[in-house]
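Here is the structure we will look at.
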Amino acid sequence: MPEGHIIHRVAREQSADLKGQPVRVCSAQERFAEGADRLDGQVLTRTEAWGKHLFHRYEGGDILHVHLGLIGKWFRRSPEEAMQPTTRVRIAGSDAAWDLTGPMRCALVTPEERAAVVASLGPDPLRRGADPRRMADRLARSDKPVGLLLMDQAVVAGIGNVYRSEILNIVGIDPRRSGRDVSAEEVEAIWAEAVSQLRLGAHRGRIVTMPTSELPRPLARLEPGEGRYVYKQTHCGRCGTELDVYPLGGRTTWSCPTCQPR
Ligand SMILES: [Zn+2]
């Protein structure tokens with residue numbers, strides 16, 4: 001599942017391509033045909049990302065809500081290129097078209113519905129002015145494992161399995177430790193690392209958590225999965241210890257018994 005860094009990157013790129021102009025909106029599927037008709041010809045005034053949620057705002061007041069879910073994807077294409085039959089919606093400007101396939105959600109929403117989605121989310125490390133106190137409060141009040149809490153979008157928005165594994169390794173916390181046993185200093189460290197890692201991910205366009213100096217080869221030549229400390233690794237990228245691998249909330253989790261003692 002794409003984590004928040006991808007949604008923020010897409011919001012930025014779509015804004016650069018489409019904002020401020022009337023867009024052509026169409027769909028290859030019956031499912032969103034009515035919505036596409038309604039948006040067609042409207043001026044896109046704003047794109048915004050909140051965690052894994054993307055909103056487009058249009059001049060007429062309409063709001064499009066997209067959540068990619070597990071298999072959804074955006075593709076940037078030329079406006080002349082034909083749509084694939086799997087395209088739920090195409091939003092095209094003069095120079096680029098953005099095609100959406102397989103989203104968990106693609107719907108027009110009211111301002112109240114948009115506000116309810118935003119209100120349900122914990123702070124998003126990629127939003128300027130995000131307040132980490134809500135995340136700290138939720139962690140402090142829960143017996144659940146911190147590795148599980150960090151993937152709960154109501155605790156912190158935008159983090160999925162890859163980032164929670166990597167961030168907890170970097171700050172040295174075992175994912176099975178309960179939220180209330182994470183100290184205030186450690187919560188601060190988790191937040192700071194989340195902010196810097198998601199920014200790096202949005203910049204690089206992929207989740208590579210190691211700094212350039214630690215990469216085994218240049219970024220452009222990395223194999224899939226390289227440049228990470230624990231996620232889908234066998235040995236810790238920081239100290240070389242063999243990793244513990246176990247399910248947490250139904251998702252495979254990796255942690256280092258040396259860097260993240262229980
Ligand atoms: Zn280690």
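Coordinate-derived values only; no laboratory data. Treat the numbers as computed from the prediction; the structure is a model and nothing was measured. Methodologically, a virtual Cβ is constructed for each residue, glycine included, from the backbone with ideal geometry; neighbour enumeration extends over all protein chains shown.
Highest mean first, how do 180-187, 22-29, 65-72 rank when packing is the count of other Cβ atoms within 10 Å averaged over residues?
Output ranking for 180-187, 22-29, 65-72: 22-29, 65-72, 180-187.
Quick check on packing: order 212-218, 2-8, 106-112 by the mean number of other C-beta atoms within 10 Å, highest mean leading.
2-8, 106-112, 212-218
Just how far, in whole angstrom, is the stretch 194-262 from the stretch 47-67 if you go by their alpha carbon centroids?
Each part reduced to its Cα centre gives a spacing of 31 Å.
Eigenvalues of the Cα gyration tensor times 5, then square-rooted: what semi-axes does that give for the chain, in whole angstrom, largest first?
After scaling each eigenvalue by five and taking roots: 36, 21, 15 Å.
Using just the alpha carbons, could you tell me how many Å³ per residue the convex hull of the stretch 133-255 encloses?
103
When you count, for each residue, the other Cβ atoms within 10 Å and take the mean per peptide, how do 188-200, 158-170 rank with the highest first?
Result, highest mean first: 158-170, 188-200.
Over the stretch 133-255, what is the relative contact order in percent, taking alpha-carbon pairs closer than 8 angstrom and at least six residues apart?
About 23 percent, as a whole number.
So what does the Cα-only Debye profile of the stretch 201-262 read at q = 0.12 Å⁻¹, as log10 I(q)/I(0), no solvent term?
-0.33
Could you work out how far helix 184-204 tilts from the main Cα principal axis of the chain, as a 0 to 90 degree angle to the nearest 10?
50
At most 12 other Cβ atoms within 10 Å and a DSSP loop assignment: could you name the trypsin sites (Lys or Arg not before Pro) in the stretch 117-161 that fit?
Counting only loop positions with at most 12 other Cβ atoms within 10 Å, the trypsin sites (Lys or Arg not before Pro) in the stretch 117-161 are ARG128, ARG141.
Which FRET efficiency value, to the nearest 0.05, do you get for THR258 and SER196 by plugging their Cβ-Cβ distance into 1/(1 + (r/R0)^6) with R0 = 25 Å?
0.65
Taking Cα atoms, how many degrees apart are the long axis of helix 111-120 and the longest axis of the chain, rounded to 10 and kept between 0 and 90?
That helix lies at roughly 10 degrees to the long axis.
Using only Cα atoms, find the angle between the long axis of helix 4-18 and the longest principal axis of the chain, and express it within 0 to 90 degrees, rounded to the nearest 10.
That helix lies at roughly 30 degrees to the long axis.
How high is the relative contact order of the stretch 12-132, in percent, counting Cα pairs under 8 Å that sit 6 or more residues apart?
That works out to 26 percent.
Hey, what did the chain get for relative contact order, percent, Cα under 8 Å, at least 6 apart?
The normalised contact order for the chain reaches 16 percent.
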